[in-house]
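Structure first, commentary second.
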Amino acid sequence: MRLIDPMRQPLIYIAAFTLLCSFEQAYAQRDNNANLSVGLGGGIMFYNGDLSDSDPIPDGKLINPYIAGEVAWLLFDRFDMSLGLMYGSVEAADSLTNERDNKARNLSFTSKYIEMNLQFRLSLLSVKNTFPVNPFLMGGIGAFYFNPMAEYEGVEYELQPLGTEGQFIPGGQYEDPYNRISGTLNGGGGVHVRINENWRLRLEGAAHLTFTDYLDDVSTIFPDSADLSRTPNGSIAVLLSSKRPKGWPKAGRSRGNSENDDVVFRFGFSVIYIFPAKTNRPKPRPGILSNPNPGRGGWWGKTKN
């Protein structure tokens, strides 16, 4: 089991706080620079893990929509950072795989996926360039919430409280219960499409490498069924830990692959609005310097007819 490193959690919170302070400063300074923008968009997402097929793209039934929003600050030409929030869901089912052993395992899950992330983007062209398309590379960190669930006889159950891999069996033989908040490292790229001075359309794709192998509730081995049945939720835990038609697997048999953490892929678009720049030019002085050529009235004012 790979949970998020406890030393990384404070760093994520500190980075988020620092970014919020930076956005506040950026908002205050936007009178001189068009450095603040907001974006809203969405797309499709899917997961890759212990319940995935060997094909890189899953069955269409396992591809779900997501929505996302962000606030971004241009740090300097061609380089910006953003604080974003993404909401979607991921799922998988052994019944849709082409692999015989996975079909026999017959597990499935669905989970909400809610991520807050800090992204950095490096554009190929200057933000001052008016070329209609500007490619970019992106990368960042994030923290996300997930809650894998599975259905049995028309009822959906949260899998983490069940301890389907023996997490609640006393004695320390199995993994501890996993945390439903974890972290990500993500990277990808895309293009910005210029609409006009203040509007952009962004097309992008990214991979979110999670710090957990339990996004799907599957990672290590099958526990002893008798021991599992004696846990607080043992009766339903036994039913959802293994759905093999030919009896319960031998304790210790591989249920998943704990060497690789789960990954989430997404492809989408965002509509970006860039707040216009306002220059703080000095106001005209009163007196003769403010109107050196006032017309026939002279610099001292209009004459009466």
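The values are calculated or read from the model by the stated rules, or taken from the named source; none is laboratory data. Since we're looking at a predicted model, the values are computed, not measured. Quick reminder, even Gly has a Cβ in these numbers, built from the backbone with ideal geometry, and neighbours come from all protein chains shown. Surface areas here come from the heavy atoms of the whole protein model, side chains and all, with no ligands, DNA or RNA. Shrake-Rupley method; radii C 1.70, N 1.55, O 1.52, S 1.80 Å.
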- Query: Looking at segment 237-252, which of the residues that are in contact with a strand residue (DSSP E or B) (Cβ under 6 Å, 6 or more places away or on another chain) and under 25 Å from Ser111 (Cα atoms) is most open to solvent (accessible area, probe 1.4 Å)?
  - Reply: Leu239
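Just to be sure before I move on: is Ser95 modelled with pLDDT of 85 or more and either loosely packed, with under 14 Cβ neighbours inside 10 Å or part of a helix (DSSP H, G or I) (or both) in the structure I sent?
On the way: modelled with pLDDT of 85 or more: yes; either loosely packed, with under 14 Cβ neighbours inside 10 Å or part of a helix (DSSP H, G or I) (or both): yes.
Yes: the conditions hold for Ser95.
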- Among residues belonging to segment 174-204 that are surrounded by fewer than 16 Cβ atoms within 10 Å (Cβ to Cβ) and not in a strand (DSSP E or B), point out the one that is modelled with the lowest pLDDT. Glu197
- Checking Ser219 against (1) surrounded by fewer than 16 Cβ atoms within 10 Å (Cβ to Cβ); (2) modelled with pLDDT of 95 or more; (3) under 28 Å from the mean Cα position of the chain (by Cα); (4) more than 30 Å from Ala72 (Cα to Cα), which single condition isn't satisfied? (1)
- Report yes if Gln167 is free of Cβ contacts under 8 Å to residues at least 12 places away in the same chain, within 30 Å of Ser242 (Cβ to Cβ) and not aromatic (Phe, Trp, Tyr), otherwise no. yes
- Residues located in segment 65-88, provided they are within 30 Å of Tyr152 (Cα to Cα) and surrounded by 17 or more Cβ atoms within 10 Å (Cβ to Cβ): Tyr66, Met86, Gly88
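Please state which one of Met116, Met45 is of a type in the set (A, V, I, L, M) and open to solvent by less than 30 Å² (accessible area, probe 1.4 Å). Full working, then the answer.
On the way: Met116 fails: open to solvent by less than 30 Å² (accessible area, probe 1.4 Å).
It is Met45.
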- Task: Residue by residue through segment 108-128, note down the ones that are touching a residue at least 60 places away in the same chain (Cβ under 8 Å) and within 18 Å of Leu209 (Cα to Cα).
- Result: Ser111, Tyr113, Glu115, Met116, Asn117, Leu118, Gln119
